[in-house]
Amino acid sequence: MAQFQIAVVVGSLRRDSFNRKLADGLIRLAPADFSFKHLQIGDLPLYNQDDDANQAAPVKRLKSEISASQGLLFVTPEYNRSMPGVLKNALDNASRPYGQNAWAGKPAGVIGASVGPVGTALAQQHLRNVLAYLDVPTLGQPEAFIHAKEGLFDEAGNIGAASKQFLQGWMDKYVAWVKRHAG
Ligand SMILES: Cc1cc2nc3c(=O)[nH]c(=O)nc-3n(C[C@H](O)[C@H](O)[C@H](O)COP(=O)(O)O)c2cc1C
């Protein structure tokens, strides 16, 4: 029985997203006492402060799924040297109304894949800035800027041989981080 429920936020809405595949491959490297739920962010309204007193149903759903989790896993592409707008929109929506920030205190891992060889370093750094303000403790090491290239995944969707050891090490550190910080 899973003791630690992790809310997974993928910063891409693309059907064949490398980052969603990376999230799913990572999940397979986690121990049995961890379970993972992908949070839907594509149906959130664009954040509007006028709606704070009457948040839309997808925002309420997002906030309650975050609240029910013991940790967060952000897996994001880089768009124009930052995080995608859909991800920032999700962060903003669940951070409000003022004083009711659903993200606060949830330990998080940040990772991402890009077709560019140094990709997601800047997106991850921008994301970490926002998470710091939102009072989310983030795993600092190891950093993981994953190059989405041939062989990253095998045909069954597992992490491919060349990256498996590194990403297993990343997952092991993430698991220890969540256990250290979760309630
Ligand atoms: C609007 C846009 C901006 C992008 N900007 C960057 C970038 O700044 N750095 C980078 O490495 N890749 C960039 N890319 C390429 C992405 O790495 C690539 O599209 C990747 O597959 C997106 O992740 P996904 O497969 O999970 O959707 C950009 C792609 C798009 C669509």
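Heavy atoms only, probe 1.4 Å: what % of the accessible area of region 1-98 goes to carbon and sulfur, would you let me know?
The C+S portion of the solvent-accessible surface of region 1-98 is 49 percent.
So, with +1 on the Cβ of K and R and -1 on the Cβ of D and E, and no other charges, what is the size of the charge dipole of region 72-183 about its Cα centre, to the nearest 20 debye?
340 debye
List the aspartates and glutamates whose Cα sits under 15 Å from the Cα of LYS60, skipping any in the same chain fewer than 8 residues away.
Partners within reach: ASP43, ASP51, ASP52, ASP92.
Using the structure shown, list the pairs from LYS21/LYS179; LYS63/LYS173; LYS88/LYS149; LYS37/LYS63; LYS88/LYS164 with a Cα-Cα distance above 22 Å, or answer none.
LYS21/LYS179; LYS63/LYS173; LYS88/LYS149; LYS88/LYS164
Using only protein heavy atoms and a 1.4 Å probe, report how much of LEU134 is accessible, in Å² to the nearest 10.
Number for this one is 10 Å².
How about region 76-171: which GluC sites (Glu not before Pro) there are in a DSSP loop, with at most 10 other Cβ atoms within 10 Å of their Cβ? Working shown, then result.
Details: sites: GLU78, GLU143, GLU150, GLU155; in loops: GLU78, GLU143, GLU150, GLU155.
Qualifying residues, ordered by number: GLU150, GLU155.
If you wrap a convex hull around the C-alpha atoms of region 1-117 and split its volume per residue, what is the figure in Å³? Present the calculation step by step, with values, prior to reporting the outcome.
On the way: hull volume 13.4 nm³, N = 117.
Hull volume over Cα atoms, normalised by residue count, gives 114 Å³.
For a test of the definition: using alpha carbon positions, the gyration tensor, and the 1.5 limit on a/c, classify region 41-175 as rounded, prolate or oblate.
Here region 41-175 falls in the prolate category.
Of all DSSP beta bridges located in region 34-163, what percent are antiparallel, nearest 5? Show your work: numbers first, answer last.
On the way: 2 of 10 bridges.
Antiparallel: roughly 20 percent of the beta bridges in region 34-163.
Return one quarter of the surface area of the convex hull spanned by the alpha-carbon atoms of region 117-183, equal to its mean projected area, in nm².
5.5 nm²
Just to confirm, what accessible area per residue do you get for region 60-154 at 1.4 Å probe, in whole Å²?
Ligands and nucleic acids excluded, the figure is 43 Å² per residue.
For the chain, set up a GNM with springs between Cα atoms under 10 Å and report which of PRO107, PRO97, PRO137 has the largest fluctuation.
Greatest mean-square fluctuation among the candidates belongs to PRO97.
Tell me, what does the Kirkwood hydrodynamic radius of region 77-156 come to in angstroms if you use every pair of distinct C-alpha atoms?
Details: mean 1/r = 0.0733 Å⁻¹.
Kirkwood radius, region 77-156: 13.6 Å.
How far is the Cα center of region 107-141 from the Cα center of region 1-56, in Å?
Each part's Cα centre sits 15 Å from the other's.
Take the alpha carbon gyration tensor of region 51-103, find the square roots of its eigenvalues, order them as a ≥ b ≥ c, and report rounded if a/c is under 1.5; if not, report prolate when a/b exceeds b/c, else oblate.
oblate
Could you order ARG61, ARG14 by accessible surface area, starting with the largest, using a probe radius of 1.4 Å?
Output order, biggest surface exposure first: ARG14, ARG61.
To the nearest 20 debye, what is the magnitude of the charge dipole of region 57-138 about its Cα centre, counting +1 on the Cβ of each Lys and Arg and -1 on the Cβ of each Asp and Glu?
Computed about the Cα centre, the dipole is about 160 debye.
Largest first, what is the accessible-area ranking of VAL110, VAL115 with a 1.4 Å probe?
VAL115, VAL110
Work out how far the C-alpha atoms of region 1-68 reach from end to end along every principal axis, then list the three figures in whole Å, largest first.
Ordered largest first, region 1-68 gives principal extents of 42, 29, 13 Å.
Put +1 on the Cβ of every Lys and Arg and -1 on every Asp and Glu Cβ in the chain; which of ALA104, ILE146, GLY169 then has its Cα farthest towards the positive end of the dipole?
GLY169
The values are calculated or read from the model by the stated rules, or taken from the named source; none is laboratory data. Just so it is clear, the structure is predicted and the values come from calculations on it, not from any experiment. Please note: Cβ atoms are built from the backbone with ideal geometry, for glycine as well, and neighbour counts cover all protein chains shown. Note: areas computed on protein heavy atoms with side chains; ligands, DNA, RNA excluded. Shrake-Rupley method; radii C 1.70, N 1.55, O 1.52, S 1.80 Å.
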